[in-house]
1. Rounded to whole Hz and in sequence order, give me ³J(HN,Hα) for region 41-51 from the Karplus expression 6.51 cos²θ - 1.76 cosθ + 1.60, θ = phi - 60°, writing x for Gly and Pro.
2. What is the sum of charges, Lys and Arg at +1 and Asp and Glu at -1, for the other residues whose Cβ falls under 14 Å from the Cβ of Thr26?
3. Run the simple label-point estimate for Ser68 and Glu54 please: 7 Å along Cα→C-beta, distance reported in nm.
4. Just one of (1) 1.19; (2) 1.64; (3) 1.11 is Cα Rg over 2.2 N^0.38 Å as worked out from the coordinates here. Which one is it?
5. Could you pull the accessible area for Val73 with a 1.4 Å probe, rounded to 10 Å²?
6. Using the Karplus curve 6.51 cos²θ - 1.76 cosθ + 1.60 with θ = phi - 60°, work out ³J(HN,Hα) for each residue of region 54-66 in order, rounded to whole Hz, and write x for Gly and Pro.
7. With a 1.4 Å probe and every protein chain kept in, tell me what percent of the accessible surface of the chain is carbon plus sulfur.
8. Pulled fully out, how much extra length does the chain show between Glu22 and Arg9, if you take 0.36 nm times their separation in residues and subtract their Cα-Cα distance?
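The values are calculated or read from the model by the stated rules, or taken from the named source; none is laboratory data. Everything numeric in this text was worked out from a predicted model, so none of it was measured. Cβ placement follows ideal geometry from the backbone for every residue including glycine, while neighbour counts extend to all protein chains displayed. The protein model used for the area step is the full one, side chains on, heavy atoms only, and it has no ligands, DNA or RNA in it. Shrake-Rupley method; radii C 1.70, N 1.55, O 1.52, S 1.80 Å.
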Amino acid sequence: MGRKPNTRRDVYGAWLHHHRRERGLTQQEVAKLTGIPQTTLAFWERTGKLTGRESILKLAKALGVSVSELLRVKN
């Protein structure tokens, strides 16, 4: 039987998903561009819990946004 999967996306995870889809990229394509495993990207989009400075920099570059925009930093 098992647990019912939680399909609700975190608000920040939805933001990441939006940026990726806006550029027409799949998780697999972003994984190839960044060297970040696709499973990690899926986890980030689901939970919104990014980790690792280098990974965040690579992700921002692959999505064509600034780190501030990616992290939703308000000026």
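1. Listing the rounded values in order: 4, 4, 4, 4, 5, 7, 9, x, 9, 7, 9 Hz.
2. Charge balance in the 14 Å sphere: +1.
3. About 2.6 nm separates the two model spin labels.
4. (3)
5. Counting only protein heavy atoms, the figure is 80 Å².
6. Going residue by residue, I get 4, 5, 5, 4, 5, 5, 4, 5, 5, 8, x, 10, 6 Hz, with x marking Gly and Pro.
7. Details: 2890 of 5560 Å².
Ligands and nucleic acids excluded, carbon and sulfur reach 52 percent.
8. Details: separation 13, 0.36 × 13 = 4.68 nm, distance 1.71 nm.
In short, 3.0 nm is gained.
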